[in-house]
Every structure is written in C-alpha cells, then in structure tokens.
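Colleague: Let me begin by handing over the structure; questions about it come next.
What follows is calculated from the coordinates using simple rules that are stated; it is not laboratory data. If you're wondering where the values come from, they're calculated on a predicted model, not measured in any experiment. As a convention, Cβ positions derive from the backbone with ideal geometry for all residues, glycine included, and neighbour counts pool all protein chains shown.
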Amino acid sequence: MATEIKTWEIIKGELTEINTKLAHSGRKEKDDLEKWLKTNPKILGDNILVFGEQVWTKSGPLDYLGIDNNGNLVIVELKRDKLARDVLAQVIDYASDVSNWDIEKLNEICLTFSGNSLEDYITDHFENIELDDLVINKAQRLLLVGFSIDEALSRMIEWLSSKYDVGINAIILNYVVTSSGNELLSRTVIIPEEIEKEKSNKKKFTIPMSDDPANYEPERLKELLKIYLNNKQWSSKRIKNILLPVLLKKDKITREQLKKEFVKAGEATDENKAGYFIALMSNQLGQTKKDFLRQIINYEYPKYHWEKDNFSLRPEYKELVKEILEIDE
C-alpha cells in the first residue's frame with residue numbers, strides 16, 4: 001500500500017483531522033520546502049550532510065546533493081506533492097552522471113553552496129571522521145522526498161533495497177497548519193532508518209597499515225610517486241607542496257616545526273589546523289599500499305606509538321625527489 005500520513009488536532013476534546021496542502025497555504029516547493037530543509041537538513045537523515053543545491057547534471061538540475069559519513073554521495077529529489085513512479089528514472093539518471101564526478105568538481109559545488117571546501121565542510125560537520133579514510137563518491141544513495149508516494153514506486157524502492165542492496169529510500173512528509181496558525185512538518189520513511197544505516201555502514205572498510213618501506217627499482221618508484229603526488233587528494237598535494245620541499249632543506253623536522261611550516265606557507269590558518277593536516281598526511285604515510293612513500297620518507301614515534309614525528313627524507317632519494325618536484329640546484 002502507498003504510504004500516507006494523517007494528522008489530527010485535538011480541539012475542545014475532539015479529534016479534528018487536518019488536511020493541508022502546501023499550495024493551499026501559498027507555499028511552494030522551490031521557495032519554501034527547499035528553504036526549510038536547508039535550515040535543518042537532519043530531516044533527511046542524521047548522517048547526511050547537504051553541500052549543494054540545484055546542482056546541474058547532464059539531465060538537468062538535481063535539488064540537493066549531499067554526502068554521508070561514509071563518503072557516499074546522496075542525490076535528493078524533492079516533490080511538492082506525490083512521488084510518482086517516473087521520479088525513480090529521474091534520480092537514477094542523475095546518479096549515473098554524478099557517479100563520474102571527481103573531488104575537484106565536488107569541491108567547486110561545495111564552495112558555491114557553503115563558501116568552504118568540501119574537506120573543511122565535512123570536517124566541521126561530521127565528528128570522528130578521518131578524511132583521508134573516506135573514498136568519496138565510491139557509491140551513490142538515492143533519496144526521494146514528497147508528501148505521498150505512488151504504490152508502484154514504494155514497491156520498487158523496497159525491491160531495489162532488499163533484493164539488490166541499492167541505497168535508496170523515500171521520505172514522506174506531512175505539512176499541516178493548526179487552528180492556531182502553527183505550521184508543522186512531520187515525516188516517515190519507506191525503508192526503516194536502521195536498515196539504511198546498516199547498508200551504509202557496510203561500505204565502511206579498514207585500511208591496512210604498516211611502517212615497512214618498499215624496495216622498488218628507481219624507475220618504478222618514480223612512476224608511483226608521480227602518480228600519487230599529482231592526484232587531486234588534499235594530503236597528496238600537501239606532501240608534494242609542503243612536506244617534501246621542507247625535507248629537502250632540512251635533515252629532519254619535528255611535528256611542531258612542521259606545523260609552523262604549514263602556517264608560514266599559508267596552507268593552514270593556525271597550528272591546530274596544521275596539526276590536523278599532518279595527521280591526515282601521517283595516515284597516508286602509514287597505509288600499507290602506499291609503501292612507496294615510506295621508501296623515501298622516514299619517521300619515528302618518539303612520544304606516542306600512534307603519532308608519527310621526526311620526519312626525514314632518506315638521503316639516497318633526495319635527487320629523485322628533486323627530479324620529481326622539478327627543483328633545480
């Protein structure tokens with residue numbers, strides 16, 4: 001059966017059904033509903049952060065673009081009235097385009113929406129997130145929002161979710177105006193939120209860590225370093241633009257000294273922020289699959305077994321690093 005929410009107000013001890021439409025109250029999807037959801041997007045879900053609105057795709061603008069705390073993008077489509085079955089094809093079309101977007105494009109969208117980079121926006125709104133552990137846009141979730149839903153669409157959503165593990169859900173809203181003039185907005189969902197969270201959590205993964213360096217031949221090492229240092233990940237850029245140039249000038253640099261270098265270079269506004277960036281870089285250095293970084297960069301654990309410090313460049317690779325960074329004597 002199609003989902004429908006009804007509301008009754010108790011007036012003088014009697015239940016009086018409230019049947020209100022946005023249009024009846026002069027409210028509009030674009031002018032009002034989207035504005036309300038923007039003020040408190042938690043109505044979409046506790047683990048969803050909206051970072052773009054009216055985002056253009058090859059098939060037109062999607063209403064909201066969000067990200068969850070596992071790095072999956074969330075395509076949100078709003079309808080002022082009923083969610084019809086054809087809206088499913090619409091959001092799948094959007095998702096097929098969004099799935100190809102890289103971090104640079106997503107960052108531009110977030111800057112337009114919030115004035116902050118996606119990296120900073122995620123850090124500010126999600127607690128206990130290791131940013132470089134997230135694989136951004138590895139998967140997409142589809143979220144349909146309306147005031148009722150076609151029975152066929154509800155059936156298709158349940159089928160896609162249960163049989164094919166597709167990250168899809170529908171939120172059904174109920175807008176009412178009470179006799180005193182108060183406006184209320186309530187919601188229910190097609191797929192229980194516990195199941196949605198379980199599906200999302202399945203996409204979490206543990207990244208194997210190691211302190212062992214690799215032993216690649218020079219040409220292979222150079223190839224791996226060039227690929228890594230020229231990608232669009234923030235930590236890669238910081239290793240290339242801050243850490244390696246500093247290590248070419250100094251035999252060894254402490255974590256505290258490195259913080260000051262970040263601030264001096266304008267890469268961080270203060271040393272606390274710099275410390276966070278160094279933690280992200282340290283995570284990259286310790287990932288098993290990035291053993292080529294440990295082949296050229298050495299570090300120690302002088303204070304805590306979990307905190308890398310006393311960074312240095314292995315002497316035999318200084319010339320190779322200069323060549324990669326295109327630094328002349």
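Colleague: Would you order TYR301, TYR216 from fewest to most other beta-carbon atoms within 10 Å of each residue's own beta-carbon?
Modeller: With the sparsest Cβ surroundings first, the list reads TYR301, TYR216.
Colleague: In the structure shown, do any of LYS240/LYS289; LYS240/LYS318; LYS250/LYS318; LYS138/LYS232 have a Cα-Cα gap over 21 Å, and if so which?
Modeller: Pairs exceeding the cut-off: none.
Colleague: Follow-up question, since we're still on this one. Please give the contour-minus-distance gain from ASN272 to VAL189: 0.36 nm per residue of separation, less the Cα-Cα distance, rounded to one decimal in nm.
Modeller: 25.8 nm
Colleague: Turning to a different aspect of this structure: Helix 271-286 against the longest principal axis of the chain: what's the angle in degrees, Cα atoms only, rounded to the nearest 10?
Modeller: Compared with the principal axis, the helix lies near 80 degrees.
Colleague: Return the distance in nm (one decimal) between the two label points of a simple spin-label model at TYR164 and LYS226, each offset 7 Å from Cα along Cα→Cβ.
Modeller: 4.1
Colleague: Which whole-Hz ³J(HN,Hα) couplings does region 159-173 yield from phi under the Karplus relation 6.51 cos²θ - 1.76 cosθ + 1.60, θ = phi - 60°, glycine and proline marked x?
Modeller: Along region 159-173, the couplings run 5, 5, 6, 7, 8, 10, 6, 6, x, 9, 7, 10, 9, 9, 9 Hz.
Colleague: Could you tell me the relative contact order of region 162-309? Use alpha-carbon pairs under 8 Å, at least six residues apart, and round to a whole percent.
Modeller: For region 162-309, the relative contact order is 22 percent.
Colleague: Pop the C-beta distance of ALA152 and PHE126 into the FRET formula with R0 = 35 Å and round what comes out to the nearest 0.05.
Modeller: Here the calculated transfer efficiency is 0.50.
Colleague: Which of the aspartates and glutamates could be linked to LYS259 by a straight reach, that is with a Cα gap under 18 Å, when you skip same-chain ones fewer than 8 residues away?
Modeller: ASP120, ASP251, GLU267, ASP270, GLU271, GLU300, GLU307, ASP309
Colleague: A follow-up question, please. What number, in percent, do you get for the relative contact order of the chain if the mean sequence gap of Cα pairs under 8 Å and at least 6 apart is divided by its residue count?
Modeller: Averaging sequence separation for qualifying contacts and normalising by length gives 14 percent for the chain.
Colleague: Straight-line reach from LYS249: which aspartates and glutamates have Cα under 16 Å away, leaving out those fewer than 8 places along the same chain?
Modeller: In chain and number order, the partners are GLU261, GLU316, GLU319, GLU323, GLU326, ASP328, GLU329.
Colleague: Can you pick out the pairs among LYS42/LYS237; LYS38/LYS290; LYS6/LYS35; LYS42/LYS290 whose Cα atoms lie more than 28 Å from each other?
Modeller: LYS42/LYS237; LYS38/LYS290; LYS42/LYS290
Colleague: Based on C-alpha coordinates, I'd like the Rg and Dmax of the chain, in Å.
Modeller: 25.0, 88
Colleague: Could you pull out the GluC sites (Glu not before Pro) across region 81-130 that fall in loop regions by DSSP (anything but H, G, I, E, B) with no more than 14 other Cβ atoms inside 10 Å?
Modeller: Hits after loop and neighbour filter: GLU127, GLU130.
Colleague: Okay, next question. Under 5 Å between amide H atoms, partner at least 5 residues away or on a different chain: which partners does THR7 have, H built in plane at 1.01 Å?
Modeller: ILE18
Colleague: Can I ask one more? Quick one: which of 182-195, 72-85 comes out on top by average Cβ neighbours within 10 Å, and what's the full order, highest first?
Modeller: Highest-to-lowest ranking by the protection proxy: 72-85, 182-195.
Colleague: Hey, in the GNM for the chain with a 10 angstrom Cα cutoff, which one of TYR276, TYR121, TYR94 fluctuates hardest?
Modeller: Of the options given, TYR276 has the highest mean-square fluctuation.
Colleague: Here is a follow-up. At a temperature of 10 °C and a viscosity of 1.306 mPa s, determine how fast region 216-329 diffuses translationally according to Stokes-Einstein, using the Kirkwood radius over alpha-carbon pairs as Rh; express D in µm²/s, rounded to the nearest whole number.
Modeller: Result for D is 111 µm²/s.
Colleague: Report the gain in length on full extension from GLU108 to ASN241: 0.36 nm times residue separation, minus Cα-Cα distance, nm rounded to one decimal.
Modeller: 45.8 nm
Colleague: Ignoring everything except DSSP H segments at least 4 long, calculate the 222 nm mean residue ellipticity for the chain; use -39,500 (n - 2.57) per segment, divide by total residues, nearest 500.
Modeller: -11000 deg cm²/dmol
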